[in-house]
Amino acid sequence: MDITRSTAADLAASIAAGEVSSVEVTRAHLDRIGAVDDKVHAFLSVDEDGALAQAAAVDARIAAGEQVGPLAGVPLALKDVLTQRGVPTTAGSRILEGWRPPYDATVTRRLLEAGVVILGKTNMDEFAMGSSTENSAYGPTYNPWDLSRVPGGSGGGSAAALAAFEAPLAIGTDTGGSIRQPAAFTGTVGVKPTYGGVSRYGQIALASSLDQPGPCARTVLDTALLHEVIGGHDPKDQTSLAAPVPAVVEAARHGDVKGLRIGVVRELGGEGYAPEAEANFHATVERLASLGAEVVEVSCPNFEYALAAYYLILPSEASSNLARFDAMRYGLRVGDDGTRSTEQVMALSREAGFGAEVKRRIIIGTYALSAGYRDAYYGSAQKVRTLVQQDFTAAFAKADVLVSPTTPTAAFGIGERLDDPMAMYLNDLCTIPTNLAGNSAASFPSGLTSDGLPLGFHVMAPHLADDRLYLVGAALERSLQDSWGGPLLDRVADLTAPATTATEVAR
Amino acid sequence: MALSPDEVARLAQLARIDLSAEELAHLAPQLDVILESVARVADVATADVTPTSHPVPMTNVFRTDAVAESLPPAEVLAMAPDHEDGRFRVPRILGEEQ
Amino acid sequence: MSDPLLSYEDALAAYEPVLGLEVHVELNTESKMFCGCSAEFGAAPNTHTCPVCLGLPGSMPAINGKAVESAIRMGLALNCSIAEWCRMSRKNYFYPDMPKDYQTSQYDEPIAYDGYLDIELSDGEVFRVEIERAHMEEDAGKLTHMGGATGRLHGADYSLIDYNRAGVPLIEIVTKPILGAGERAPEIARTYVEAIRDLMRALGVSDVRMNEGSLRCDANVSLKPWGRERLGTRTETKNINSFRSIESAVRYEIQRQAAVLSGGGTIQQCTRNWLEHIGETSFGRSKEEAEDYRYFPEPDLVPIAPSREWVEELRATLPENPGLRRNRLQEVWSFSDAEMRDVVNADALDLVEATVAAGCAAPAARKWWTAELSRRANEAGIGLDEVGVTPVQVAAVQALVEAGTINDKLARQVFDGVIAGEGEPAEVVTRRGLAVVSDDGALGDAVQKAIAANPDVADKIRAGRVQAAGALIGAVMKEMRGQADAGRVREIILEQLS
């Protein structure tokens, strides 16, 4: 078998049964990274020695007859926004180049404790600000479906690593869609758990009231298994929920939508949505109806203000969260020649260390919070947040889950939207309301455009009802694979073949 | 509400970013577009709407007052751009403490 | 260059001073406000630091429940209302002693608000200071300025930072504008801060040591012509580091501002720094230079909503108001004002009270603690409560004196023994053989010996000059190595020579 094409669930079972060692599995993925990552650039750093040591430790535990967790020995790609002790952690920024944190994020710790093998850190938009991974200080990640296109962002590295078979599992973080939008663009699965469902401790903060780490994988079950490993209460994050992780694995195995009420959000469609994306969305809804789901239409009138509120709240919180990168205790220091003051060195270091989008958002946030503007901008945005939550509450009274396209279009070309911030921001139209309200949401692969680019189906569930996402995702996955005769990702470009474009392959 | 390069410069100073003149000129119109499109939040943010700061309503989460292990001193300073005598070394400071 | 000053009398004749006091109290919790690092003062630099209090990327605060509890108790003791719901906020500004470049503090939702504190002035008059708010925040790290001539910020080549103090919990107590203080404004400022110290000590929530920075005070002063309603422009004096300096700084600002105003000038709203070594304030930062703090609710911490049950539980733990308690005890013990002041100044109020509770008469308890034991504490440079003798032991010593087992002089040796760890007072007496000799036979022999050695003195006594007995008593006491009851010795001498 081709190890790198296996699901995480299968790999874990084989490793636990002693059919293959974790070291072999890890080695195979490291080789795959070596073979394709110069084209994809999913990784910012690969921790070969660390990964092999972790794998050997799992093999030793299994050899000693120890009972190991359901993902023990399976490799994973960690978004570079989460700290890992002693391993470079940059958040895609020049300002943190070379920084090796002295501590593990809670997600990292839980992965390591579960025997998951961390291959390396994945590329991302700088400080997770972006929807294309082009804002990384270390160069963009390329979409494995078509290397001339973006993989989405900010977690483009994690999504591309999955689609390029460099890792069967990945971690993302979602502030406005950074897990779901790349999942849609790469034909993979990405889940944003309920806010507080996965600890943020050790996630380099972008916007604290919106950020949420979550699981990414190629199949619904793998995603659920990973969700269970990283989820649950953490006293180090006082906003984390003191509730048990919803029964996501059970839901992923069950995958039945009979009688489930599915609410189509009227406002998430129409103008600005590519006809192919809309057509695919409606076909997917019909498919779910044919599987026994009850389809209703719901209205969330305040969603149209969500994007505006989001682009005030996010920069406001980010301007504060990113203040600590001041060249005093860690990170890049520029201009300290003995003549300059601390104030000058701070300003020079931040000028040199931050990229254009980060500066743009810090300035916006500084403005939105400043005396005289705070009420009109930040204050009003927080009120919109209340209205968006009320819309969700009303909609969830009529439907068990809400659905929309994940993105208005499929993956766009590299460089296409780089200097038009508003066009870039529109990518997150469908994903943002969930972050404002804190409920859970996911993107599942739902088909290809005529150009052979993946599209995603977006499912939203109430707080702590993350299991419903998996119910829908698993039903859809099973039904689509029956129609396609295999997983969507079987159709992805062969990155090791000599130059043919993904578009040609798909045709 | 158009933002002038001067205003952007003042904000950059507040945010401690030493933006170049070209950046100021490039950024100001972009920020204008963004601010114009986000200003619509004011359309629905009426006085009777309560603002929400936290996505999930929770209160009173406290830590027990117990001492936990600190970092080893070598690790505290390992990533510092400069240090001396067990302390972080920083350039001379102009401003007063707040 | 010193500023011109108007005489205090002339200043007060023309202007009414208005005060505003901001007191920062560092809480004495075991761990810091948002992490488990020790909050203890005085450790080697940066040894009490972790990802949270160093503001490392990814770290998150976890608020210390004990600090919240202390803040509520403090608010209740200041007669404040306790918020039913409040949040922490971020106060954003860049400064290298602040690891996150924002301070986690409270803005428009303080945990306690609208209170007052009654303070007793030196002449016994009670003055009410209205409290605006008391809120929770975190302390910053400690900067050391290097290379400059004076070790101060200005002129330094570079600075060093120790983040041990970063994240230690603080409560900031802010008064409403204090009007009606008149010429007593400096005294009121000082007495208020002292009253806060006493209150915090009674609550047990802080070490309140100005010299270690666990109690800090900023003084706002403004002047207005007598009779005018509108307040004048204020200055805020910082870096005041002793109780005496509070009084001096307020007095100085009144005189300085009066000189500016009476010369036709205007006061600029600014901060001033108190320069202890010359007893003056100097210009700090103007209001125009003040930061735009861009406050917003701290998203990493959830709101605090103290239940009314919890608040009432905490109210029940409040100690008596220190001022009221002092008055009550003075009356019960029948101490003069001077005697009571001695007790308070010696920091012996609790100790005297405990000693009396252990059965000792109040005057004796006062005498031991404010004289003998205070002397020992001062010599050793330690607190009276660290001297090594408990109130129960002091009461036991006094009981031995009253029983005639020992005298005051021997009692000092008993204290020596107790402090040296030789056991309880009675054991020390036995072990050191300190009991007064009350055996008349032994005393009689010693008296006979003394008479024989001093025949001329004996003759004088026989001739009726009884006061000469002192010389013989001294000789007998010397013979008995002090372990005799001098009164009984005198009686025996007079009996033998009658």
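The values are calculated or read from the model by the stated rules, or taken from the named source; none is laboratory data. As the structure is a computational prediction, the values presented were derived from the model and not from experiment. Don't worry about glycine lacking a Cβ; one is built from the backbone with ideal geometry, like all the others, and counts go over all protein chains shown.
Might you check whether a residue that is more than 9 Å from chain A (Cβ to nearest Cβ) and touching a helix residue (DSSP H, G or I) at 6+ places or on another chain (Cβ under 7 Å) occurs anywhere in the stretch B:39-60? No. Filtering the stretch C:232-254 to residues that are among the aliphatic types (A, V, I, L, M) and at pLDDT below 95 leaves only C:ILE240. The listed residues are A:ALA411, A:ALA381, A:ALA394, and the only one of them that is under 30 Å from A:GLU294 (Cα atoms) and modelled with pLDDT of 95 or more turns out to be A:ALA394. Applying the set (1) facing another protein chain (nearest Cβ under 10 Å); (2) in a strand (DSSP E or B); (3) of a type in the set (A, V, I, L, M, F, W, C); (4) touching a helix residue (DSSP H, G or I) at 6+ places or on another chain (Cβ under 8 Å) to C:LEU117 leaves exactly one unmet item: (1). When the stretch A:373-386 is limited to residues that are of a type outside the set (Ser, Thr, Tyr) and in a helix (DSSP H, G or I), the one that is farthest from the other protein chains (Cβ to nearest Cβ) turns out to be A:ASP375. Of all the numbered requirements in (1) in a helix (DSSP H, G or I); (2) out of contact with any Ser or Thr (no Cβ under 6 Å at 6 or more places or on another chain); (3) away from chain A (no Cβ under 14 Å), C:ASP342 misses one, and that requirement is (2).
For the stretch B:15-34, filtered to residues that are touching a residue at least 24 places away in the same chain (Cβ under 8 Å) and more than 7 Å from chain A (Cβ to nearest Cβ), the residue that is surrounded by the most Cβ atoms within 10 Å (Cβ to Cβ) is B:ALA28. Restricting C:GLY232, C:GLY264 to residues that are free of Cβ contacts under 8 Å to residues at least 12 places away in the same chain and over 24 Å from the mean Cα position of the chain (by Cα) narrows the list to C:GLY264.
Taken together, C:VAL52, C:VAL23, C:VAL68 contain a single residue that is in contact with a Cys (Cβ under 7 Å, 6 or more places away or on another chain) and either outside any loop (DSSP other than H, G, I, E, B) or closer than 29 Å to C:ASP118 by Cβ (or both), which is C:VAL23. Just one of the listed residues (A:ASP211, A:ASP256) is touching an Asp or Glu at 6+ places or on another chain (Cβ under 8 Å) and acidic (Asp, Glu), and it is A:ASP211. Taken over the stretch A:303-352, residues that are within 10 Å of chain C (Cβ to nearest Cβ), at negative phi and in contact (Cβ under 8 Å) with a residue 60 or more places away in the chain amount to 8. Taking the conditions (1) buried (at least 23 other Cβ atoms within 10 Å of the Cβ); (2) more than 14 Å from chain B (Cβ to nearest Cβ); (3) of a type in the set (Ser, Thr, Tyr) in turn, C:SER70 satisfies each one other than (2). Since A:GLN389 meets every condition but one in (1) more than 9 Å from chain B (Cβ to nearest Cβ); (2) surrounded by fewer than 23 Cβ atoms within 10 Å (Cβ to Cβ); (3) at pLDDT 95 or above, which condition does it not meet? Evaluating A:GLN389 over (1) more than 9 Å from chain B (Cβ to nearest Cβ); (2) surrounded by fewer than 23 Cβ atoms within 10 Å (Cβ to Cβ); (3) at pLDDT 95 or above leaves (1) as the failure. Output the number of residues of the stretch A:195-217 satisfying the condition of being more than 18 Å from A:SER319 (Cα to Cα), in contact with a helix residue (DSSP H, G or I) (Cβ under 7 Å, 6 or more places away or on another chain) and facing another protein chain (nearest Cβ under 7 Å). Summing the residues that are more than 18 Å from A:SER319 (Cα to Cα), in contact with a helix residue (DSSP H, G or I) (Cβ under 7 Å, 6 or more places away or on another chain) and facing another protein chain (nearest Cβ under 7 Å) in the stretch A:195-217 gives 2.
Restricting attention to the stretch C:301-349, the residues that are farther than 30 Å from B:PHE62 by Cβ and of a type outside the set (A, V, I, L, M) add up to 17. Residue under question is C:ARG431, and the condition is that it be exposed (fewer than 15 other Cβ atoms within 10 Å of the Cβ), more than 17 Å from C:LYS409 (Cβ to Cβ), free of Cβ contacts under 8 Å to residues at least 24 places away in the same chain and basic (Lys, Arg); does it hold? Answer is yes for this residue.
Answer yes or no: is there a residue in the stretch C:127-137 that is free of Cβ contacts under 8 Å to residues at least 24 places away in the same chain, under 23 Å from C:LEU76 (Cα atoms) and surrounded by fewer than 19 Cβ atoms within 10 Å (Cβ to Cβ). The answer is yes; a qualifying residue exists. Checked against the criteria, C:GLN413 does not count as touching a Cys at 6+ places or on another chain (Cβ under 6 Å), outside the structural domain of C:ARG481 (by TED's automatic domain parsing) and in a helix (DSSP H, G or I).
Just a yes or no: is a residue in the stretch A:369-378 hydrophobic (A, V, I, L, M, F, W, C), touching a residue at least 24 places away in the same chain (Cβ under 8 Å) and either touching a His at 6+ places or on another chain (Cβ under 9 Å) or closer than 20 Å to A:SER131 by Cβ (or both)? No, the stretch A:369-378 contains no residue that is hydrophobic (A, V, I, L, M, F, W, C), touching a residue at least 24 places away in the same chain (Cβ under 8 Å) and either touching a His at 6+ places or on another chain (Cβ under 9 Å) or closer than 20 Å to A:SER131 by Cβ (or both).
Against the definition (crowded, with 24+ Cβ neighbours inside 10 Å, in contact (Cβ under 8 Å) with a residue 12 or more places away in the chain and part of a loop (DSSP other than H, G, I, E, B)), how does A:ALA91 come out, yes or no? So A:ALA91 fits the description; yes. Of all residues assigned to the stretch C:251-261, at least one qualifies as being closer than 22 Å to C:ARG184 by Cα, of a type in the set (Asp, Glu) and buried (at least 18 other Cβ atoms within 10 Å of the Cβ).
Looking across C:LYS287, C:LYS238, one residue alone is within 14 Å of chain A (Cβ to nearest Cβ) and charged (D, E, K, R). It is C:LYS287.
Residues considered: A:VAL81, A:VAL74. Of these, the only one that is of a type in the set (Val, Ile, Thr) and touching a Phe, Trp or Tyr at 6+ places or on another chain (Cβ under 8 Å) is A:VAL81. Restricting the stretch A:452-485 to residues that are over 18 Å from the mean Cα position of the chain (by Cα) and without any contact (Cβ under 8 Å) to a residue 60 or more places away in the chain leaves a set whose member that is farthest from B:THR52 (Cα to Cα) is A:GLY485.
For the stretch B:63-76: of the residues being at the interface with chain C (Cβ under 7 Å from one of its Cβ atoms) and not polar (S, T, N, Q), which is surrounded by the most Cβ atoms within 10 Å (Cβ to Cβ)?
Our first condition is that a residue be at the interface with chain C (Cβ under 7 Å from one of its Cβ atoms); within the stretch B:63-76, this holds for B:63-68, B:70-71, B:73, B:76.
Checking the rest, the ones that are also not polar (S, T, N, Q) come to B:63, B:65-68, B:71, B:73, B:76.
On the way: B:ARG63: 23, B:ASP65: 20, B:ALA66: 11, B:VAL67: 16, B:ALA68: 12, B:LEU71: 21, B:PRO73: 14, B:VAL76: 26.
Top of the filtered list is B:VAL76.
For the stretch C:57-65, does any single residue satisfy the condition of being surrounded by 24 or more Cβ atoms within 10 Å (Cβ to Cβ), more than 10 Å from every other protein chain (Cβ to nearest Cβ) and touching a residue at least 40 places away in the same chain (Cβ under 8 Å)? So far as the stretch C:57-65 goes, no, none of its residues is surrounded by 24 or more Cβ atoms within 10 Å (Cβ to Cβ), more than 10 Å from every other protein chain (Cβ to nearest Cβ) and touching a residue at least 40 places away in the same chain (Cβ under 8 Å).
Sort out which residues of the stretch C:433-490 are part of a helix (DSSP H, G or I) and in contact with a strand residue (DSSP E or B) (Cβ under 7 Å, 6 or more places away or on another chain), and write them in order of number. Before you say what the answer is, go through the steps one by one.
The initial filter retains those residues of the stretch C:433-490 that are part of a helix (DSSP H, G or I), namely C:440-453, C:455-462, C:466-479, C:486-490.
Listed by number, the residues that qualify are C:LEU443, C:VAL476, C:MET477.
Of the residues A:VAL68, A:VAL74, the single one that is over 23 Å from C:CYS50 (Cβ atoms), β-branched (Val, Ile, Thr) and modelled with pLDDT under 95 is A:VAL68.
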